[in-house]
Amino acid sequence: MPTELNEVLPLVAKPIRYTGGEYNSLYREPAPGRVSWVLAMPDVYEIGMSNYGLRVLYSVINRLEFAHCERSYAPWPDFGRTLAEGRLPLYALESKRPVREFDILGISLQSELCYTNLLYLLELAQIPLSARERGDGIPLVIAGGPCTVNPLPVAPFVDAFVIGDGEDVVREISRVCAETDRRARVRRLEMLAGIEGVYVPAVHDRRQVRVRRRVVKRLLEEDTPYPPLVPICEITHDRLTVEITRGCTRGCRFCQAGIINRPVRMRPPDEIVRLAERGIRASGWEEVSLLALSALDYPDLAGLVRRLNLRLRERRVAISLPSTRGEDFTTELALDLQDVKKSGLTFAPETASSRLRAFINKNISELRIIDSVRNAIDAGWAGVKLYFMVGLPRETDADLDEIGRFVTEIAKLCRGRTVRFNLTPFIPKPHTPLQWAGFADVDMLRYKLDRLKSALTRRNVKPKWENPESSLVQALLARGDERLAPVIERVYRRGGVFQEWSEFFAIERWVDACQEVGVDPAEYLDERPVAAQLPWDFVDVGVSRQFLEREYSRALAGQETPDCARAGCSGCGACSEGRPPAPPQPEATEGESGYGRRIRVGRGYDELKTRLRLKYEVGEPFRFAAHLDRVRALYRSLRRSDLPIVYTKGYSPKPMLSFGPPLPVGLLSDGEYVDLFLSYCYSGNIVSDLGMFLPKGLRIVAAKPVLMSAAALGQSINMARY
C-alpha cells in the first residue's frame, strides 16, 4: 500500500473500506491495448459492494481478454476531506492507481439522491465536472443503473449513459475503446453513440432521437458474478446473490423497476442450484439470497428452496428472499426457509385500502397476508417487516386509518414478536403509469405521518419513516431535466454529499439552490396532463406510452389490470412475441449427492474428535480489519474448504472456533492464535489444506493438536508484545 495511505488511514473511520484485498478480487498489470475500467458507486463501500449489477459487470469485463476492471466507492466525508486536503486522487481498490489514469469510469446511479455524490466522486478523482471540459486522455464517464431512464438532470456531467441491461453493452463499449486511441475522445463518443442502449448527450439531440433500452434476451450462466467478491468487512447485503428472475408481470402502477425491466426472464432451477452451490464453494458465505422483483412468482419456489437446502445444509447455508407481495407465503415455504436459520422476512402490501389497491393495481388479499404472517409465526419466525406508502393520489384519512388498523392486527397476531414497519412517501417515477400524477404537499405528508404514528401504539411495532423533504428532492430529480444540473452542482458545492443519509441532508440547500437558478420545483412536482410532453419521452424502455396512458386512465377509474402471465397479454409492448415467456422447466431429475445429503443440523458436540491450535499471520490487507472481520474471514475460509468442521448450535450456526485476544485495528501480526475443532481424527496438513482457502492477508504458519481438555486461548495467553 502506498506510504501516504498508510499515514492517513489510521486517522479515519473504518479504514478497511479503502484497502482492497478482498477474496476473489482481480488485479492485472496495465498492458497496451487493454481497456481499463473502474466501476464505482457514489455511495459508501458497504452499499456499493452489495450492488448485484456492479458485481455482474465486474465479472463480465474481467473475462474479456482485451479489458480489465477495478472498483472504487465514495469515501466517507472524513476520508474525502483527507484526500482533498492532501491532494491525493481517488484510487481504484485493486491496484491503488488513480482513477484518472483509467480509460473508463463507470458509475452506477441507483438513486436520484446520489447525484451530488456523482460530482463528489469526479472531483476527488480530479476529473472535470463538466463533460465539455474534458479533453483527450481523461477517462470517459459512463453512467448506468435505473436512474438513467431519465438521464437529463445529470447529463452535463456524464459522457454517456447505458440505459437498460449492461452485460452486452459493456463488451461493446470495451471493444470500441480497444479499437480507438484514448486521445481520440470525440471519435470514441461518436462510436459509442451508435451502440443500442447508449445515450451520448454530446452527440444525440434528445428532441430528435429515440434511445431504446438495451435488453438481454436470456439470463446467461456465464454472465453471473464468478468468482464472487467476498468483502473483508461486513456490508449491507453480506451474502451470495443468485438472480432467479429479472422483470415482473404484476403491473403495479407505481413500480418503476417492474416496468423498465420487462419482459420477464427466468433462470432454470437446475442452473440456480448450480450457481448457488458453486458460489458458496468459492465464497464461503453463510446465506444465499434469491434475487427477483417478485420471488413468490417463481414456479415451484418451495421445490427450489428444498433443493437448495439439500445441497447447502451441510455447510449451514441459509436461504433468503427479498421483499415479497406476501399472499403466497405458505407454511411449507416458511419451514424450508428457516431450515438452517431464519434470515429475514419482508412483505410489501403498500396500502391497506381496497380502493387504493385497485388504484395502484396491487390487489393483495388481506386475509392471505394474515395467513402468510401466521405461517411465518407458526414456523418460529421472530417477526416480520412491512412496507407501506403514503401520499398516493386521492388518499383520504380513511385510507390511512386502514393502514393503522391492518398493522395493528398484524402486531396482535405476532404476539410480542417484532413488526418492523417502513413507510415511504409515494414518488411518481418516469416510465410508470403514474408518471403523470403529482407529488403530495410536504405539510400534508407530515400530517399523514403524524396521524399514522398516533394510531400505532402497540409496543411490538417498530416504525421507520422516510423524511418527506428528502422524498420531495428525490421526486424533483426523478422528474427533472437539464435545468436541474446547476441546482445539483450548487448543492454539492455547499457540502451536500451523501444526501440519502439523514445526518447530511438539509432541505435548505436545495431550496436556496432552486431559487438562485430560477427553478420552480412545483413545475416538476405537480400533476401533469396526459397529453403533455415529458422530458424523458426520448427514452424508449420497451413499454409503449399508449399502454402507460391506458393504465393511468384505469387507475383513475379504479379498474385493475390482471397479471399478464396469468390472464393473457396486456399489450404493453415489451414482449416481441406478444406474450410473456413460458416459465423455465427443470432438467432431467438428478440425484442429490455429495454434500447435499440430509443430516441433522442440531447435533450435539459429541462428534468433536480433533482440536487444532493454529498460529497465523495478519498481513497488510487485514491490517485495518476489526477482530470480527477476521473472525468472519476464517468462518468463510472454513466453509470454502472441505474440512470436517464442527458447527455451533442455535439460531445462526457458525464454525466452532476459539480465538485468542483480539488484535487492535491498524497493526500487523506474525503470531495470532485460534483453536479449530474437527469432527473426526484428522491427520492431514492443515497448513496447506486450509491455507489455500484463506484470503490474502491471513496465512497459517504453524499448527499443532491440543487436548480437548486444554484451557481456552483466552485463559492461556496472558501477555502480548506489539
**Message:** Conditions first: (1) at pLDDT below 90; (2) hydrophobic (A, V, I, L, M, F, W, C); (3) in a loop (DSSP other than H, G, I, E, B). Phe421 passes all but one, so which condition is the exception?
**Reply:** (3)
**Message:** Going through Val158, Val162 one at a time, which residue ends up being on the phi < 0 side of the Ramachandran plot and open to solvent by less than 10 Å² (accessible area, probe 1.4 Å)?
**Reply:** Val158
**Subset of segment 23-53 that is of a type in the set (A, V, I, L, M, F, W, C) and open to solvent by 20 Å² or more (accessible area, probe 1.4 Å) - its residue that is modelled with the highest pLDDT** = Ile47
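Looking at this structure, is Ala334 of a type outside the set (Asp, Glu), at pLDDT below 80 and in a helix (DSSP H, G or I)?
For Ala334, the condition - of a type outside the set (Asp, Glu), at pLDDT below 80 and in a helix (DSSP H, G or I) - is met.
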**Request:** With the checklist (1) in a strand (DSSP E or B); (2) surrounded by 19 or more Cβ atoms within 10 Å (Cβ to Cβ) in hand, flag the one item Arg639 doesn't pass.
**Result:** (1)
**Request:** Kindly state which helices (runs of 4 or more DSSP H) lie completely within segment 1-107 and contain at least 2 residues that are among the β-branched types (Val, Ile, Thr) and over 24 Å from the mean Cα position of the chain (by Cα).
**Result:** 3-8
**Asked** On the given criteria, is Arg313 surrounded by fewer than 23 Cβ atoms within 10 Å (Cβ to Cβ) and modelled with pLDDT of 95 or more?
**Response** no
**Asked** How about segment 218-245: which of its residues are closer than 23 Å to Phe161 by Cα and open to solvent by less than 30 Å² (accessible area, probe 1.4 Å)?
**Response** Leu219, Asp223, Thr224, Pro225
**Fill in**
Picking from Ala478, Ala513, Ala506, Ala455, the residue that is modelled with pLDDT of 95 or more and either open to solvent by 60 Å² or more (accessible area, probe 1.4 Å) or closer than 27 Å to Thr351 by Cα (or both) would be Ala478
**Complete:** With criteria (1) at pLDDT 95 or above; (2) open to solvent by 20 Å² or more (accessible area, probe 1.4 Å); (3) not acidic (Asp, Glu), Thr180 comes up short on (1)
**Complete:** So the helices (runs of 4 or more DSSP H) completely within segment 439-546 holding 2 or more residues that are under 30 Å from Ser130 (Cβ atoms) and more than 28 Å from the chain's Cα centre (by Cα) are 485-493, 507-517, 521-525
**Item:** segment 123-155: number of residues that are closer than 30 Å to Glu221 by Cβ and open to solvent by 20 Å² or more (accessible area, probe 1.4 Å)
**Value:** 2
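If you take the residues in segment 253-268 that are open to solvent by 20 Å² or more (accessible area, probe 1.4 Å) and of a type outside the set (Gly, Ala, Ser), which one is farthest from Gly197 (Cα to Cα)?
Pro268
Restricting to segment 531-554, give me the number of residues that are surrounded by 14 or more Cβ atoms within 10 Å (Cβ to Cβ), under 12 Å from Gln435 (Cα atoms) and out of contact with any Gly (no Cβ under 8 Å at 6 or more places or on another chain).
7
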**Request:** Test Val215 against the stated conditions and say whether it is open to solvent by 10 Å² or more (accessible area, probe 1.4 Å), modelled with pLDDT of 95 or more and either within 17 Å of Gly145 (Cβ to Cβ) or among the small types (Gly, Ala, Ser) (or both).
**Result:** yes
**Item:** Condition check for Leu304: assigned to a helix (DSSP H, G or I), open to solvent by 10 Å² or more (accessible area, probe 1.4 Å) and more than 27 Å from Arg630 (Cα to Cα)
**Value:** no
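Here's the yes/no breakdown for (1) under 20 Å from Val461 (Cβ atoms); (2) in contact (Cβ under 8 Å) with a residue 40 or more places away in the chain; (3) among the charged types (D, E, K, R):
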{"position": "Ala334", "(1), (2), (3)": "no, yes, no"}
{"position": "Phe347", "(1), (2), (3)": "yes, yes, no"}
{"position": "Val373", "(1), (2), (3)": "yes, yes, no"}
{"position": "Pro393", "(1), (2), (3)": "no, yes, no"}
{"position": "Ile410", "(1), (2), (3)": "yes, yes, no"}
{"position": "Arg420", "(1), (2), (3)": "yes, yes, yes"}
**Matching residues, segment 269-297, being modelled with pLDDT under 95, in a helix (DSSP H, G or I) and open to solvent by 20 Å² or more (accessible area, probe 1.4 Å)** = Leu296, Asp297
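The values are calculated or read from the model by the stated rules, or taken from the named source; none is laboratory data. Not measured: the values here are computed from a predicted model. Quick reminder, even Gly has a Cβ in these numbers, built from the backbone with ideal geometry, and neighbours come from all protein chains shown. Remember, those area values only see protein heavy atoms, side chains included, never the ligands or the DNA or RNA. Shrake-Rupley method; radii C 1.70, N 1.55, O 1.52, S 1.80 Å.
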